[in-house]
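The values are calculated or read from the model by the stated rules, or taken from the named source; none is laboratory data. Since the model is a prediction, treat every value here as computed from it, not as a measurement. Cβ atoms come from the backbone with ideal geometry, glycine included; neighbour counts cover every protein chain shown.
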Amino acid sequence: METSIEQIREQALSQLKTALHPDEIKALSVRYLGRKGVITQFLRDISKLPSEERPEAGKRANEVKKELDTSFKEILKKIESQASAAKGRIDVSLPGRAVPRGFLHPLTLVTREICSIFIKLGFDIAEGPEVETDYYNFEALNLPKNHPARDMQDTFYVSDNIVLRTQTSPMQIRVMEQQAPPVRIIAPGKVYRCDSDITHTPMFSQVEGLLVDKDISFGDLKGILTAFVHQIFDKDTSLRFRPSFFPFTEPSAEVDICCIMCKGRGCRICSNTGWLEILGSGMVHPAVFENVGYDTNRYTGFAFGMGVERIAMLKYGIDDLRKYFENDFRFLRQF
Ligand code: 2NL
């Protein structure tokens, strides 16, 4: 017999000391005391010993067998009772489970950024209904009955006289009806146009602004919009005011900024012009003031409107309008 019963005992007890899990102890029990176990084999091999050594060896082997059996059972019981005591208790040493943080949609972020810039310039926020009457959406804004912008193709009609607003100006008309000048408001919100292709969605976000007071000139319009552009884009962004037409402003101007991508050299984004259109503006048409009862001899004002999707595209380099509405987390969580 190469290994003595004492060596077997030592080995079994030292392995038992390092066991942490009930399964490990059960495996040790099988290895030493099982039908093909080390001790069982040892007892069988006793028959090969000289006959005078057999009684002592057999006695000792049975003692060790009993001792190990008792030890295995004791340790198993101890580990199992520790495990069940730990159940239901909090292990303060475990790492915490991370709670995923929410985030805002890029259009919400940019709308808020636009608003906060105008709030710093002294404007108040005005919000109102997305379902409007024909009067507030068109008539009051000097959009005559047969104007193309009122066409069935562009406007969602709820009924003959009720539409989904096509811009947020109706809210500004409502404010002017309610208060005398001075007025300094911005109207953010969703607007609707019956239009859907790669560059148009039937719903989009707009921010409009209106400032009315004594002695407001086109110079004030340029000053406020220049300050805005320098805050929403880089403070050294060049911009230009280009003559345009809107039924509710006269004169009207569109504002272009020097292309963010190519710095004016000409690229695919600016169609090689070096300029990007970002908003429309103008001095409020006297007909609009007459509709809300403002004295056009005492007051002048300017107004402007911009699409939030477009501003966000230029700020973040987003190349496809559809990304805003697909709700793909891989896109949304980047902002
Ligand atoms: C654009 C252009 C514009 C206005 C909106 C406005 C509102 C009132 C009176 C006069 Cl109450 N004008 N709004 C003026 C000029 C342009 O929007 O491109 N929007 C996306």
Would a scan of segment 180-192 turn up a residue that is surrounded by 18 or more Cβ atoms within 10 Å (Cβ to Cβ), hydroxyl-bearing (Ser, Thr, Tyr), touching an Asp or Glu at 6+ places or on another chain (Cβ under 9 Å) and assigned to a helix (DSSP H, G or I)?
no
Looking at the structure I just gave you, is residue 119 closer than 23 Å to residue 234 by Cβ, in the same structural domain as residue 227 (by TED's automatic domain parsing), surrounded by fewer than 16 Cβ atoms within 10 Å (Cβ to Cβ) and not small (Gly, Ala, Ser)?
yes
I'm trying to understand the selection: among the residues of segment 125-157, which are at pLDDT 95 or above and β-branched (Val, Ile, Thr)?
125, 131, 133
Test set (1) modelled with pLDDT of 90 or more; (2) not assigned by TED's automatic domain parsing to the domain that holds residue 306 - residue 114 fails condition number
(2)
Can you tell me which residue among 66, 78 is surrounded by 10 or more Cβ atoms within 10 Å (Cβ to Cβ), more than 30 Å from residue 331 (Cβ to Cβ) and modelled with pLDDT of 90 or more?
66
Can you find a residue that is assigned to a helix (DSSP H, G or I) and of a type outside the set (Asp, Glu) anywhere in segment 87-103?
no
When segment 202-234 is checked residue by residue, the ones that are polar (S, T, N, Q) and within 16 Å of the ligand (Cβ to nearest atom) are 205, 206, 217
Looking at segment 193-204, which of the residues that are surrounded by 15 or more Cβ atoms within 10 Å (Cβ to Cβ) and in contact with a helix residue (DSSP H, G or I) (Cβ under 8 Å, 6 or more places away or on another chain) is nearest to residue 110 (Cα to Cα)?
204
Residue hits (segment 68-86; under 23 Å from residue 27 (Cβ atoms) and out of contact with any helix residue (DSSP H, G or I) (no Cβ under 7 Å at 6 or more places or on another chain)) are 70, 73, 74, 77, 78, 81, 82, 83, 84, 86
For segment 143-155, indicate whether the set of residues that are within 13 Å of the ligand (Cβ to nearest atom) and among the aliphatic types (A, V, I, L, M) is non-empty.
yes
